[in-house]
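Report on the structure given below.
The values are calculated or read from the model by the stated rules, or taken from the named source; none is laboratory data. Please read all numbers here as calculations on a predicted model, not as lab measurements. Quick reminder, even Gly has a Cβ in these numbers, built from the backbone with ideal geometry, and neighbours come from all protein chains shown.
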Amino acid sequence: MIHIRKVYKSFGEVNALSEVSLDIQDGELFVLIGPDGAGKTTLFRMLVTLLVPDYGSIEVNGLDVVENFRQLRTKMGYMPGTFSLYPDLTVEENLEFYASIFGTTIRKNYDLIRDIYKHIEPFKKRPAGKLSGGMKQKLALSCALIHRPEVLVLDEPTTGVDAASRKEFWIMLKKIQQEGMTIIASTAYMDEAVRGDRSGFLHQGKLLMADTPGKIREEYPYPMYSCRSENNYALLQAIRAESSTATALLFGKTIHYSPVKEDFPVEELMSGLEATGKYGRITCEKTKPELEDSFSYLSKGIERSETQSGMTE
Amino acid sequence: MRTILIIIRKEFKQIFRNRMMLPIIFIAPIVEMLVLVYAATMEVKHIDLLVVDSDQSVYSRQLISKLAGLKMYHVSVIPVAGREADARLLGNKADAVLEIPPKFEQSLVRGLNPVLQLRLDAVNGMAAGIINGYTRRIVMDFQRKWQMNFTATDTHGKIMRISVVPRYWYNSELNYKHYMLPGILVILVTIMGMFLSAINLVREKEIGTIEQINVTPIRRYHFIPGKLIPFWIIALGELAFGLTIGWILFRVPVRGSLLLLFGFTSVYLLSVMGIGLFLATIARTQQQLMFMFFFFMLTFLLMSGLFTPVESMPAWAQMVNRINPFAYFMRVIRMILLKGSGFRDILPEFTSISVYAVIMFSLAVWRYRKTT
């Protein structure tokens with residue numbers, strides 16, 4: 001169990017985290033989503049005992065990250081956001097080094113890392129600094145796993161990795177999870193939110209929501225339409241200009257459009273727009289909101305309330 | 001202990017994999033010794049002397065030929081004083097101008113105590129002083145002999161003289177190389193111990209590997225010794241290597257106990273490593289560390305007595321030197337190598353440097369805790 005209780009952290013004037021509370025169950029794969037600068041790394045650094053919270057407390061498997069940091073360090077695996085292994089040591093030497101400082105050997109825990117390590121094993125005599133991005137990431141994960149930690153913390157493991165490798169990476173994490181490990185990973189890619197059992201959305205230092213992907217979708221209060229046209233960008237502008245529109249977002253090749261009211265006649269609006277001839281043929285169909293829509297709605301909600309309170313001041 | 005050994009093994013792997021490292025360890029000492037020992041010498045071996053001979057007498061010509069006969073002097077003569085002499089001095093064509101005024105010999109014979117003038121290029125004051133000393137001695141010597149010849153039949157009586165015979169102890173040939181070489185060894189050992197170890201520590205910070213290390217069970221008392229011991233060994237090896245080269249090339253004497261020298265160096269290294277570690281906790285990047293090092297290295301080195309004796313520095317400078325570990329080592333290595341001083345002779349330095357090492361290390365470790 002990971003208990004995060006009302007954690008605050010600020011760096012000078014900047015409030016990196018404010019009142020973050022979160023519980024993560026044993027054996028869960030939790031994905032923390034948030035744009036750059038949301039405070040993901042700060043939260044993770046506190047989780048792995050590198051940073052002390054200003055207020056609040058964090059407990060990992062019954063151990064306090066401040067009081068019991070020494071015991072905790074043997075039970076956690078951490079993969080920092082930037083590559084932090086020795087570039088001048090070979091793949092094998094890095095792995096051996098981390099295994100030996102935890103008092104174990106590669107052989108003892110080979111079964112745990114096999115699926116990951118086998119991809120880089122052919123290059124085990126190569127200096128880690130000369131590996132490609134994807135291979136570096138696999139090595140870093142191997143090193144974080146080599147002592148069979150109870151909790152694995154991964155700070156933006158898929159940043160800077162190509163789409164195929166990203167997908168593969170999450171599959172690897174799922175497999176590791178089966179070993180009974182609790183995994184918490186962060187990402188700035190919205191589409192990776194569905195990869196975990198639960199996702200949390202961190203925005204400007206506040207945890208806006210943490211739930212299963214299904215529940216997060218239900219948070220979305222408006223009807224959702226997926227629209228296509230021959231000039232999506234212009235259409236987006238036109239839809240946004242309507243007063244009846246709650247939100248409209250570009251979503252891949254479609255526009256995710258939500259009117260404020262459930263019974264709003266979308267067909268009428270679209271045929272009207274189609275008649276102008278600027279957008280070609282427009283098709284709209286009702287769809288389920290994606291996680292991204294919910295997050296976008298939640299973060300806008302924060303900004304809305306902030307501007308409102310700003311105006312009343 | 002096991003953890004420390006793991007770190008040490010890792011460090012040695014990295015050190016010897018670094019392409020710059022082996023040249024720094026093995027080529028640098030040889031080059032530094034050859035270049036610095038030969039070039040950084042205070043001896044004056046070549047003097048361009050311009051003689052303005054306005055006298056044109058037997059006396060003046062004999063004096064000139066006496067000077068010209070010496071290997072060290074390159075004498076040129078012009079007959080009249082004036083602009084040319086100054087121009088040569090100004091143009092670095094002459095180091096000194098010796099002016100023999102008209103009717104010098106005549107005045108001398110008449111017993112009028114005439115005066116010779118020696119003008120020196122004193123941009124390098126030390127060299128000017130030495131040239132003055134040499135030239136003066138030669139002229140006096142010549143004068144005495146000339147006078148003895150001249151007054152052989154004279155009845156003015158004997159000139160009473162006291163002669164002082166110098167015996168140069170510990171360095172009987174006044175071999176400047178033997179004085180310089182231990183100084184160079186100090187620099188080499190210090191760079192290895194203080195600079196390389198600190199830069200290695202900052203590197204972990206700069207490339208972020210410290211982040212990964214900090215979440216492992218490695219503790220401060222594993223990490224710091226694990227990082228420093230390899231460089232401590234390398235620095236002691238460097239001293240042995242440097243001494244061997246010094247002995248082969250210059251026959252630098254080893255009069256005292258080598259064990260004592262290495263014992264002192266071991267403690268000395270701890271004190272400079274303490275400084276290095278302290279600076280490493282302040283610097284975030286290797287570049288920042290370099291700038292701090294330039295400052296400390298230059299100040300400490302120039303004050304340490306590498307070129308100029310500490311005893312002739314002003315009182316405040318000597319006070320400052322109490323916190324200059326280089327100065328202790330500079331003095332002790334010369335004492336042991338050249339004079340054969342024993343443990344009892346270097347006991348004050350040994351005590352000071354031990355206290356220094358303890359203080360510096362505690363300070364550095366304390367700061368290290370605060371920053372990580």
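Observations on the model:
- Test: residue B:122 is surrounded by fewer than 15 Cβ atoms within 10 Å (Cβ to Cβ), in contact with a strand residue (DSSP E or B) (Cβ under 7 Å, 6 or more places away or on another chain) and either closer than 30 Å to residue B:177 by Cα or in contact (Cβ under 8 Å) with a residue 12 or more places away in the chain (or both): no
- Boolean, residue B:225 is surrounded by fewer than 20 Cβ atoms within 10 Å (Cβ to Cβ) and either within 14 Å of chain A (Cβ to nearest Cβ) or in a helix (DSSP H, G or I) (or both): yes
- Complete set of residues in the range B:297-330 that are touching a Gly at 6+ places or on another chain (Cβ under 7 Å) and part of a helix (DSSP H, G or I): B:327, B:330
- Here the range A:64-87 is the region considered, the condition is being surrounded by fewer than 17 Cβ atoms within 10 Å (Cβ to Cβ) and touching a residue at least 24 places away in the same chain (Cβ under 8 Å), and the residue that is farthest from the other protein chains (Cβ to nearest Cβ) is A:75.
- The set of residues from the range B:70-83 being without any contact (Cβ under 8 Å) to a residue 40 or more places away in the chain and either loosely packed, with under 15 Cβ neighbours inside 10 Å or among the basic types (Lys, Arg) (or both) comprises B:71, B:76, B:79, B:80, B:82, B:83.
- Residue count for the range B:1-14, restricted to those that are within 10 Å of another protein chain (Cβ to nearest Cβ), aliphatic (A, V, I, L, M) and surrounded by fewer than 17 Cβ atoms within 10 Å (Cβ to Cβ): 1
- Among the residues of the range B:196-215, some residue qualifies, meaning at least one is of a type in the set (S, T, N, Q), touching a residue at least 12 places away in the same chain (Cβ under 8 Å) and either away from chain A (no Cβ under 14 Å) or not in a helix (DSSP H, G or I) (or both).
- Here is the figure for the range B:15-54: residues that are surrounded by 13 or more Cβ atoms within 10 Å (Cβ to Cβ) and under 20 Å from residue B:69 (Cα atoms) total 8.
- Selected residue (criterion: farthest from the other protein chains (Cβ to nearest Cβ)) from residues of the range A:141-176 that are part of a helix (DSSP H, G or I), touching a residue at least 40 places away in the same chain (Cβ under 8 Å) and in contact with a Gly (Cβ under 7 Å, 6 or more places away or on another chain): A:145
- Hits in the range A:88-120 - residues which are more than 10 Å from chain B (Cβ to nearest Cβ) and either polar (S, T, N, Q) or assigned to a loop (DSSP other than H, G, I, E, B) (or both): A:104, A:105, A:106, A:107, A:108, A:109
- Some residue of the range A:5-15 being more than 10 Å from every other protein chain (Cβ to nearest Cβ) and under 17 Å from residue A:181 (Cα atoms): no
- Checking residue B:119 against (1) at pLDDT 85 or above; (2) assigned to a helix (DSSP H, G or I), the condition it does not meet: (2)
- Any hit, the range B:278-290, residues being assigned to a helix (DSSP H, G or I), at pLDDT 90 or above and closer than 14 Å to residue B:184 by Cα: no
- Qualifying residue in the range A:275-285 (condition: farther than 30 Å from residue A:21 by Cα, crowded, with 19+ Cβ neighbours inside 10 Å and under 28 Å from the mean Cα position of the chain (by Cα)): no
- Beta carbons closer than 9 Å, at least 6 apart along the sequence or on distinct chains, pair a first residue in the range B:9-31 that is under 24 Å from residue B:225 (Cα atoms) with a second that is part of a loop (DSSP other than H, G, I, E, B) and of a type in the set (S, T, N, Q) for B:24/B:18.
- Close Cβ contacts (under 7 Å, 6 or more residues apart or on different chains) running from residues in the range A:45-57 that are within 14 Å of chain B (Cβ to nearest Cβ) to residues that are among the aromatic types (Phe, Trp, Tyr) comprise A:48/A:78; A:49/A:69.
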